[in-house]
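Visitor: Structure in structure tokens, see below.
The values are calculated or read from the model by the stated rules, or taken from the named source; none is laboratory data. Since we're looking at a predicted model, the values are computed, not measured. Methodologically, a virtual Cβ is constructed for each residue, glycine included, from the backbone with ideal geometry; neighbour enumeration extends over all protein chains shown.
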Amino acid sequence: MSQLLKGKLVIATHNSGKLAEFRDLLEPFGLQVVSAGELGLAEPDETGSTFEANAELKALAAARATGLLALADDSGICVEALGGEPGIYSARWAGPDKDFARAMRNIEERLQASGATKPGDRRAYFVAVLCLAQPDGSTRLWRGEVHGDLVWPPRGAAGFGYDPMFQPDGHTRTFGEMTADEKHGWRPGDEVALSHRARAFKLFAGDMLA
């Protein structure tokens with residue numbers, strides 16, 4: 001393991017679903033993990049125009065506020081028929097009350113309005129960009145993607161966000177129908193990582209945790 005990652009690591013998120021996935025992924029490495037939410041840190045405004053910029057913004061804010069290493073993620077779903085929307089605005093489409101059922105309906109209504117009703121017209125991909133920041137302002141980035149099709153109605157109550165309407169390539173179930181381990185489970189030595197966050201984490205682990 002990199003000497004850089006000895007000790008406590010701040011996960012720069014207030015999202016309980018993301019935090020659970022990070023803790024699952026980091027568990028084999030024995031790192032002491034605390035979240036920005038648990039520390040009472042303010043959520044910075046996500047003013048970047050890319051996943052990379054927003055991940056860096058969040059990681060740097062947490063690292064500078066705590067004096068600790070911070071790992072942040074910026075992620076979202078990009079729908080090809082909608083020109084890549086909602087993209088970096090995926091969380092904002094759910095509104096201040098985090099109503100992802102409404103956000104999924106919004107996507108489906110827009111797809112219907114555009115005539116994207118056949119499976120080949122409903123392509124989408126999840127993106128996750130991880131950023132590791134040091135208090136001195138230095139950062140590193142890793143990006144993971146997973147492609148698939150959007151289904152309607154949504155299926156499954158597992159996962160979070162847009163998981164119930166996303167069926168990854170090569171699978172017959174949505175992320176919302178998969179267990180946490182099936183969706184994002186990854187351990188050192190595993191060749192395959194399924195979710196976007198697990199794929200980004202695999203790259204991060206190869207660089208920083210090997």
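Residues checked against (1) touching a helix residue (DSSP H, G or I) at 6+ places or on another chain (Cβ under 6 Å); (2) crowded, with 19+ Cβ neighbours inside 10 Å; (3) of a type outside the set (G, A, S):
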{"position": "S90", "(1), (2), (3)": "no, yes, no"}
{"position": "P96", "(1), (2), (3)": "no, no, yes"}
{"position": "A101", "(1), (2), (3)": "no, no, no"}
{"position": "R105", "(1), (2), (3)": "no, no, yes"}
{"position": "E109", "(1), (2), (3)": "no, no, yes"}
{"position": "A113", "(1), (2), (3)": "no, no, no"}
{"position": "G137", "(1), (2), (3)": "no, no, no"}
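Visitor: Let me ask something else about it. For the stretch 39-69: of the residues being free of Cβ contacts under 8 Å to residues at least 24 places away in the same chain and more than 19 Å from the chain's Cα centre (by Cα), which is surrounded by the fewest Cβ atoms within 10 Å (Cβ to Cβ)?
Guide: So the residue we want is G40.
Visitor: When the residues of the stretch 102-119 are narrowed to those that are free of Cβ contacts under 8 Å to residues at least 12 places away in the same chain and part of a helix (DSSP H, G or I), which ends up farthest from A205 (Cα to Cα)?
Guide: Looking at residues that are free of Cβ contacts under 8 Å to residues at least 12 places away in the same chain and part of a helix (DSSP H, G or I), I get A113.
Visitor: Separate question: Please pick out the residue among A124, A157, A101, A116 that is over 30 Å from G7 (Cβ atoms), touching a Lys or Arg at 6+ places or on another chain (Cβ under 8 Å) and not β-branched (V, I, T).
Guide: Residue meeting the stated conditions: A116.
Visitor: Tell me which of these E109 doesn't satisfy, since it passes every other one: (1) under 16 Å from the mean Cα position of the chain (by Cα); (2) within 21 Å of R92 (Cα to Cα).
Guide: (1)
Each row is one residue, and each column tells you yes or no for (1) part of a strand (DSSP E or B); (2) modelled with pLDDT of 95 or more; (3) under 19 Å from C131 (Cβ atoms).
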| position | (1), (2), (3) |
| --- | --- |
| L4 | no, no, yes |
| T13 | no, no, yes |
| K18 | no, no, yes |
| R23 | no, no, yes |
| E38 | no, no, no |
| S49 | no, yes, yes |
| A53 | no, yes, yes |
| A61 | no, yes, yes |
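Visitor: Okay, next question. Applying the selection to the stretch 115-135, what residues are crowded, with 19+ Cβ neighbours inside 10 Å and closer than 26 Å to E21 by Cα?
Guide: Those that are crowded, with 19+ Cβ neighbours inside 10 Å and closer than 26 Å to E21 by Cα: A124, F126, V127, A128, V129, L130, C131, L132, A133.
Visitor: In the stretch 146-198, how many are small (G, A, S), surrounded by fewer than 21 Cβ atoms within 10 Å (Cβ to Cβ) and either touching a residue at least 40 places away in the same chain (Cβ under 8 Å) or not in a loop (DSSP other than H, G, I, E, B) (or both)?
Guide: Final tally of qualifying residues: 3.
Visitor: Among the residues of the stretch 25-36, which ones are in a loop (DSSP other than H, G, I, E, B) and either crowded, with 16+ Cβ neighbours inside 10 Å or of a type in the set (S, T, Y) (or both)?
Guide: Within the stretch 25-36, L31 is the sole residue that qualifies.
Visitor: Additional query: Within the stretch 57-70, can one find any residue that is in contact with a strand residue (DSSP E or B) (Cβ under 7 Å, 6 or more places away or on another chain) and either over 30 Å from G7 (Cα atoms) or among the charged types (D, E, K, R) (or both)?
Guide: So far as the stretch 57-70 goes, yes, one or more of its residues are in contact with a strand residue (DSSP E or B) (Cβ under 7 Å, 6 or more places away or on another chain) and either over 30 Å from G7 (Cα atoms) or among the charged types (D, E, K, R) (or both).
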